[in-house]
1. Want the number for ASP303 to LYS165: 0.36 nm per residue separation, take away the alpha-carbon distance, what's left?
2. Find how much the distance from ASP196 to LYS108 grows on full extension, using 0.36 nm per residue of separation minus their present alpha carbon separation; answer in nm with one decimal.
3. Pull up the cross-link candidates among the lysines for LYS328, meaning alpha carbon to alpha carbon under 23 Å and not fewer than 8 places away within one chain.
4. How high is the FRET efficiency between MET206 and ILE151 when r is their beta carbon distance and R₀ equals 22 Å, given to the nearest 0.05?
5. Test of understanding: in a Gaussian network model of the chain with alpha carbons linked when under 10 Å, which of LEU212, LEU225, LEU340 would top the mean-square fluctuation ranking?
6. To make sure I understand the rule: partners must be aspartates and glutamates, Cα under 20 Å from the Cα of LYS165, and not fewer than 8 residues away in the same chain. Which ones qualify?
7. Could you order peptides 47-60, 111-124 by the average number of other Cβ atoms within 10 Å of their residues, highest first?
8. Can you give the extra length, in nm with one decimal, that the chain gains between ASP235 and GLN182 once fully stretched, where that is 0.36 nm per residue apart less the Cα-Cα distance?
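Just so you know, all these numbers are worked out from the coordinates, no wet-lab data involved. It should be emphasised that the depicted structure is a prediction, and the values quoted were computed from it without experimental measurement. Cβ sites come from the backbone with ideal geometry, for glycine too, and all protein chains shown count toward neighbours.
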Amino acid sequence: VFAATLLLFCPTVGRAELGQADFIGVQPRTPLSAQKSATEADFLVIEAMRFRHVARENLETALRNDATPQGQQIIAELSKAVWTIFPASLGWNKFFSTSLVMFGSTGKDQALSAFYHPWSDTVLMLAWSRASGQWKIDDGDWVLGDWFRRIGKPPVDTQPLWLRKDGPKSDALLEEVAQTVQVFEGLFPEDVPASDWRELLRLRQMEPGRKLNRDFASVNLNAVLLNQAEFLAADKAEAKAPVALREAQRKAQEAIEAGNMELVLAGAAHTDPAHAKALLKIDSNALTELYPVAYLPASQDPDNLGGLVFVVSADQADFAISMRFGEKTGQLDRLQLIPLAAADSATRSR
């Protein structure tokens with residue numbers, strides 16, 4: 001099962017060039033509403049980001065504000081379809097907090113957004129329509145990452161791409177994101193009607209397309225939450241990670257949140273200098289509230305104390321930090337910045 005698979009992969013070490021990582025969390029962004037020549041596409045971005053912000057805390061409120069009656073019904077069905085183990089409120093909070101956003105087919109009064117969750121390799125497609133000057137969600141569906149990248153053509157692997165690829169998991173994660181973004185941009189340029197998205201993705205029929213994607217999206221999304229819950233479990237008997245690793249991870253995370261990144265890097269002797277430089281440039285405001293999004297043990301040896309812990313910011317999903325802990329000591333020995341929002345340029349520069 002996927003939940004077990006998530007815990008079984010052994011991370012390996014590899015060097016990755018950062019591409020545009022130096023800019024993650026560093027440059028201030030001018031609000032689109034303040035720009036002099038904002039287009040309707042710009043206002044869609046504003047609306048979608050507002051929806052995301054509200055949906056993290058209360059999906060029903062977000063839908064009342066930003067969806068048509070049809071859209072509200074469809075998204076409610078999608079919510080029921082996937083959050084089968086954990087409360088929907090928790091699931092949506094974690095999903096929207098750690099998803100990247102893409103926009104396409106923005107040429108007319110219909111448009112698309114895609115919330116891409118790289119940890120579960122799952123896409124939430126949302127179709128928007130504009131009436132009386134306001135954008136509203138009127139359709140949507142879950143799409144597995146592999147189904148999306150292969151445009152529904154078999155064979156489709158239901159396991160997240162980054163978990164099944166050999167080599168360093170940070171590199172695999174960047175490659176997964178880059179491939180997904182490239183396919184989205186190729187499928188949904190400005191001049192492609194948004195109404196064609198189900199046809200393009202082979203999701204017109206409930207069977208097997210929509211049902212298969214919803215069922216396995218549920219498996220993968222809940223597996224990520226289960227992995228997080230097991231790592232953070234207060235009961236040591238329920239926790240999957242070694243005690244030494246969990247304690248070392250907690251201390252390192254708290255130090256970073258307190259603004260002591262330089263001190264943490266000093267103890268992580270195997271951190272690549274380029275990554276150390278980029279980590280020190282991250283706006284400290286983006287690091288004040290972190291949480292572990294995925295844990296992978298270094299091996300299945302019963303004496304193993306090491307592994308990888310990926311932490312993300314609760315406020316922005318454009319980067320993650322990989323923390324590596326030694327197999328024999330359980331202590332932090334490397335930090336690595338994963339520039340998810342710049343994945344395409346980062347993978348090209350390697």
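1. Details: separation 138, 0.36 × 138 = 49.68 nm, distance 2.54 nm.
Extending this stretch completely gives an extra 47.1 nm.
2. Working: separation 88, 0.36 × 88 = 31.68 nm, distance 1.32 nm.
Difference between extended and current length: 30.4 nm.
3. By straight Cα distance, LYS328 reaches LYS169, LYS236, LYS240, LYS251.
4. Details: r = 18 Å, r/R0 = 0.83.
The calculated FRET efficiency here is 0.75.
5. LEU212
6. Answer for LYS165, where 20 Å is the Cα cut-off: GLU17, ASP121, ASP146, ASP157, GLU175, GLU176, ASP344, listed by chain and number.
7. On the way: 47-60: 17.5, 111-124: 26.0.
The most tightly packed comes first, giving 111-124, 47-60.
8. On the way: separation 53, 0.36 × 53 = 19.08 nm, distance 4.25 nm.
Going from the current span to full extension adds 14.8 nm.
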